[in-house]
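Peer 1: For reference, the structure I am asking about is given below.
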Amino acid sequence: MMGEWGWGYGGGFMILWWVLVIAGIIALVKWLLASSGKQGGDTRHILDERYARGEIDREEYEKKRRDLER
């Protein structure tokens, strides 16, 4: 009886396969978007650390910070 509805002999596994493929694509897209959004925060954090350590002066810090905000 189940074979008539497409669930027998692997039909259910085919649906499960496509659900996993779609979930994998969604996870990949989310990961790519999250990693591209973090770059700005990471660079600002590095700039703040360099200023705190005294590697760059206030003028250079302000200039680089404005460049990052663009």
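Since every read-out is calculated from the coordinates, none of them should be taken as a lab result. Since the structure is predicted, the reported quantities are computational estimates derived from the model, not experimental observations. Because the Cβ atoms are built from the backbone with ideal geometry, glycine has one as well, and the counts that use them run over all protein chains shown.
Peer 1: Calculate the dipole size of the stretch 21-69 relative to its Cα centre from +1 charges on Lys and Arg beta carbons and -1 charges on Asp and Glu beta carbons; express the result in debye to the nearest 20.
Peer 2: So the dipole magnitude of the stretch 21-69 works out to roughly 240 debye.
Peer 1: Which shape class applies to the stretch 21-69: rounded if a/c is under 1.5, otherwise prolate when a/b exceeds b/c and oblate if not, where a ≥ b ≥ c are the square roots of the Cα gyration tensor eigenvalues?
Peer 2: Because a/c hits 1.5 or more and a/b exceeds b/c, the stretch 21-69 counts as prolate.
Peer 1: Could I ask something else about it? Arrange the peptides 17-24, 57-64 so that the one whose residues have, on average, the most other Cβ atoms within 10 Å appears first.
Peer 2: Top of the packing list down: 57-64, 17-24.
Peer 1: All other residues with a Cβ under 14 Å from the Cβ of Gly54 taken together, and with Lys, Arg as +1 and Asp, Glu as -1, what is their net charge?
Peer 2: Combined, the nearby Lys, Arg, Asp and Glu give -3.
Peer 1: Right, next: Give me the net charge for the shell around Glu69: Cβ to Cβ below 12 angstrom, other residues only, Lys and Arg +1, Asp and Glu -1.
Peer 2: +4
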